[in-house]
1. Condition test on A77, is it surrounded by 20 or more Cβ atoms within 10 Å (Cβ to Cβ), not charged (D, E, K, R) and not in a loop (DSSP other than H, G, I, E, B)?
2. Could you tell me which numbered condition K72 fails, if it satisfies all but one of (1) under 22 Å from the mean Cα position of the chain (by Cα); (2) in a helix (DSSP H, G or I); (3) not polar (S, T, N, Q)?
3. For segment 80-108, which residues satisfy the criterion of being small (G, A, S) and surrounded by 14 or more Cβ atoms within 10 Å (Cβ to Cβ)?
4. Given the criterion closer than 29 Å to F268 by Cβ, surrounded by fewer than 17 Cβ atoms within 10 Å (Cβ to Cβ) and touching a Pro at 6+ places or on another chain (Cβ under 8 Å), identify the matching residue among T147, T138.
5. Among the residues of segment 134-141, is any of a type in the set (K, R), at pLDDT below 90 and closer than 27 Å to Q191 by Cβ?
6. Which of the numbered conditions does M216 fail, given that it passes all the others? Conditions: (1) surrounded by 20 or more Cβ atoms within 10 Å (Cβ to Cβ); (2) farther than 23 Å from R154 by Cβ.
7. Given (1) in contact with a strand residue (DSSP E or B) (Cβ under 9 Å, 6 or more places away or on another chain); (2) outside the structural domain of C287 (by TED's automatic domain parsing), identify the lone condition not met by F240.
8. When you go through (1) at pLDDT below 95; (2) crowded, with 19+ Cβ neighbours inside 10 Å one by one for K223, which number turns out not to apply?
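The values are calculated or read from the model by the stated rules, or taken from the named source; none is laboratory data. The structure displayed is predicted, hence computed values, not measured ones. Here the Cβ positions follow ideal geometry from the backbone for every residue, glycine too, while neighbour counts run over all protein chains shown.
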Amino acid sequence: MTESPEVTAASCAKALAAFVENGKALLDLAEKESREGSCQEFIRQKIRIEQRQSLLGLIEAGAALYSSLSVKRKKDAQDLWRKYNNCAALRDAVHDFQQLEVQWDAFLQRLDDELQLSAELLDADHQSKCIPPDTPLTDARTGQRVTLQKYLARSKKTLLVLIRQFSCLLCRLHIKDLENNQSSLDGHSVQVVVVSFGCLEGASYWLQDTFCQYDMLLDPDRKIYAAFGLGASLKKVLNFSNMLLYAEYVADNMEFPRGLPSIQDDMFQLGGDFVLDEHGRVLFSHCCQSPIDRPSVGDILNSLDKTS
C-alpha cells in the first residue's frame, strides 16, 4: 500500500470520526422514518440510491472516508488504524465505528424480522434437487411464454444466473465476467441463461443498457427463486460491512446504475448461480449471501469437473 505523507494519526482520527457522525445521522433518520409509517412504505420510498440522506448514503460516506485517507479499500483503511493504534483519539473513533456497525446491523435485522424476510439456502445435496422442465417463464426479448424445457433440450448444461434487480451493479459485473470467459464455458458445454423476476419494460431497458447477448427469462412469480430457496433480506444486502465494500466501487469511480422510475424493483432479493443438466437436475448451486457473493467461472467449472 502506498501511503500519502499527509495521512497521520490525527487526520485518521478526524476522518473516521466524521464518517461515524455521518453514519449515525443516516441511521437516526432511518430509525425515525421507519417508525412513522409502515416498514414497506419506508423501504419503498426512503431507501433509494438517489437520496443521499437514505441508508444508501453510507456508500458515498465510505468512499469519502477512503479518499480522505488516500486509500481505496476497506482493508487499507483498517491497516492505517492498526498502525496508529497508539493514538487515543483514533482508538476512540475506531470504537465508535465498531459501535455504529453493531447498531446499523441491528436496525436492519429488526426490519427483516418485522417484514418476516428470509433467505433460506438450498441444501448441499445438489443431486437430489430437480427443477421442473415445464416451469413457465417469459422470453425477455420476445415477450413469448416459454418453459425451461426449451433450454434443457439442447444437450448442454444450463447455467441459470438469477439476478437481483435490474440496477444491481454486482450482477452486471458478474454477467460481464461470464461473457469474458465464454470460451471456457463453451469448452464445458455450458450455456448461460439470465433470469430476472422483473417486468418486460425493465428487462428491455436492462438488455439495452448492458448489451448482454445471453438469453434472458422472466420469472415474475419468482418460482425459480423459490425453488432454490432464494429469499430477500435487508441485512444481507445493506449490512455495514457490505456498505463499505460497495464504497470501494465508488472509490474506483464506478457508478451504481439507476433504476427506471416507472419500474417497481426489489433491491433486497438475493440471487444465485445454478447449473442444470438436460433433465433439470442441479449439478452446481451457489446461493448468494450478499450482492457481492458470486462464484467465479473457475469455481463453477471446477465443481462441474468433479461431478462429471
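1. yes
2. (2)
3. Our first condition is that a residue be small (G, A, S); within segment 80-108, this holds for 88-89, 93, 106.
Correct list: A89, A93.
4. Being closer than 29 Å to F268 by Cβ, surrounded by fewer than 17 Cβ atoms within 10 Å (Cβ to Cβ) and touching a Pro at 6+ places or on another chain (Cβ under 8 Å) holds for just one of T147, T138, which is T147.
5. No: zero hits.
6. Failed condition: (2).
7. Of (1) in contact with a strand residue (DSSP E or B) (Cβ under 9 Å, 6 or more places away or on another chain); (2) outside the structural domain of C287 (by TED's automatic domain parsing), only one is false for F240: (1).
8. Failing condition for K223: (2).
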